1. Is there a residue in region 132-152 that is modelled with pLDDT of 95 or more, open to solvent by 60 Å² or more (accessible area, probe 1.4 Å) and touching a Pro at 6+ places or on another chain (Cβ under 8 Å)?
2. Just wondering, is there one or more residues in region 338-359 that are in contact (Cβ under 8 Å) with a residue 60 or more places away in the chain, more than 18 Å from Gly265 (Cα to Cα) and within 15 Å of ligand 1 (Cβ to nearest atom)?
3. Got at least one residue in region 359-367 being within 26 Å of Gly416 (Cβ to Cβ) and exposed (fewer than 13 other Cβ atoms within 10 Å of the Cβ)?
4. Mind checking whether some residue in region 175-187 is within 16 Å of ligand 1 (Cβ to nearest atom) and assigned to a helix (DSSP H, G or I)?
5. When Val360 is evaluated against the numbered criteria (1) more than 23 Å from Ala246 (Cβ to Cβ); (2) of a type outside the set (Lys, Arg); (3) assigned to a loop (DSSP other than H, G, I, E, B); (4) more than 19 Å from the chain's Cα centre (by Cα), which criterion, by number, is the only one it fails?
6. In region 275-283, is there at least one residue being open to solvent by 50 Å² or more (accessible area, probe 1.4 Å), within 16 Å of ligand 2 (Cβ to nearest atom), farther than 30 Å from Ile100 by Cβ and touching a residue at least 24 places away in the same chain (Cβ under 8 Å)?
7. Pick out the one residue from Tyr318, Tyr238 that is aromatic (Phe, Trp, Tyr), within 15 Å of ligand 2 (Cβ to nearest atom) and modelled with pLDDT of 95 or more.
8. Would you check if there is a residue in region 339-356 being surrounded by fewer than 18 Cβ atoms within 10 Å (Cβ to Cβ), at pLDDT below 95, β-branched (Val, Ile, Thr) and not assigned by TED's automatic domain parsing to the domain that holds Thr235?
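The values are calculated or read from the model by the stated rules, or taken from the named source; none is laboratory data. Since the model is a prediction, treat every value here as computed from it, not as a measurement. Cβ placement follows ideal geometry from the backbone for every residue including glycine, while neighbour counts extend to all protein chains displayed. In case anyone asks, the SASA skips ligands and DNA or RNA and just uses the protein heavy atoms, side chains included. Shrake-Rupley method; radii C 1.70, N 1.55, O 1.52, S 1.80 Å.
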Amino acid sequence: MSGTLVVGSQWGDEGKGKVIDLLAQNADMVVRYQGGANAGHTLVVDGKKTVLHLIPSGILNPKTKCVITPGVVVDPEKLCQEIQGIEDSGVLQKAEQLLISDQAVVILPYHKAIDMAREERLAGKKIGTTGRGIGPAYEDKASRKAVLMRDLFDSNLAEKLAANLVEKNHILTELYKQEAVKVKELVEQIKVWAEKLSAFRCKDTSLVVHKALESGKKVLFEGAQGSLLDITHGTYPYVTSSSTIAGSCCVGTGIGPKEIKKVIGITKAYTTRVGEGPFPTELFDEDGKKLQTQGHEFGATTGRTRRCGWLDLVALKYAIRINGMTEIALMKIDCLSGFDEIKVCTAYELDGKTTEDFPVVMDDLSRAKPIYKSFKGWSQDISKIKVVTELPKEVSDYISYIGHELATPISMVSVGPDRDQSLFLKDLSH
Ligand code: GDP
Ligand code: IMO
Ligand code: MG
């Protein structure tokens, strides 16, 4: 049995898509276990870019089965568009390449409308969501009202929607002054999506994943978002609405924790964040702008500019702890070329005291001031380097320091977006 989990160590967009695509070349199955189309995972192969939101990032490998589990919130409209895209490009050749759980929660247009209207109303206090209806859909799940994938094919769909819309239409029209959703129109829309998605239906993805693990297949679990966006352990309330940490994989997929042998923390060599919320190492100066420009830090889902700052070891040690990370993949180190000085946050100053413990209370985190260690930068372009030993000394020093401080092996260093711009310090394959 062999299960490897890939999880974001920071606030998302660390490069999870790239690593999953890379490892999927040697995997039988890639499994998405939480989140929805708020994710934007970028894969680049021989210069050709693919951005995925819901479809697991193993899909470019025709022999790898991709599974969307019950833990995911599925927007059928977005999923149909995404499937169409990979059908048109010839990536999806047979329906067996993709399985969608019948138990997954469905995101409908009214979830997105409520998400966006709510954000608008919060004005100065907004979360900065992606507007993809994630919060409202998980709310429905928790209150046991959710429309599930299997309902899209059920003859009682109109009845279920009508019951749900009593409340939703009240919220939409009375609170947000928007138009009410008409059941009949929505049912017609859903019929079109259901027709497209029916070929990918799977009654019990937990069983499929379990059987794969039992027969010794290589299974990769794909996390979305990042550890600090976790609904319970992240920077609440500036988080997403799912649990994003490694433990969530067991819940979302329906497998036991002993199936997960490795937890790879995907870690950007600096830090970024999209949306609102505390970010101790955020830079508002020229260095921040330079990171943003060199890292092309624009959201893959919403196109928003990502906030940028130096690497934060306090936050990373916390992420390693709450996920049980066994190794780190250090991403985008090429984007640090050209800085005279590179900084790493080693501790926080909080109310006159130095601490290396990540403050889990948001107000404390907002007051935390980073304490930095400085490193000499490098000017060389390292994006074409093929082996670790050829990296300039300053880069090696930076990597070694991080690995040592985190007390977690760095098994891969990424020097560019392309699949082949990856340097291995240790064999990451199973
Ligand atoms: P994800 O959400 O974690 O999958 O990450 P995103 O795809 O949202 O954002 C990561 C961005 O960085 C994408 O545009 C990737 O193509 C790009 N990327 C990934 N690894 C590297 C790297 O090592 N160097 C550079 N320059 N870009 C990278
Ligand atoms: P990937 O998988 C970065 C952020 C949003 C917002 C907060 C809540 O590509 O790393 P939501 O729409 O989930 O209710 O928004 O979470 N967010 C992400 N930030 N990468 C992501 O996904 C994100 N998914 C959600 O910007 O701050
Ligand atoms: Mg992303």
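1. No: zero hits.
2. no
3. There is no residue in region 359-367 that is within 26 Å of Gly416 (Cβ to Cβ) and exposed (fewer than 13 other Cβ atoms within 10 Å of the Cβ).
4. No, because not a single residue in region 175-187 is within 16 Å of ligand 1 (Cβ to nearest atom) and assigned to a helix (DSSP H, G or I).
5. For Val360, the failing item is (1).
6. yes
7. Tyr238
8. no
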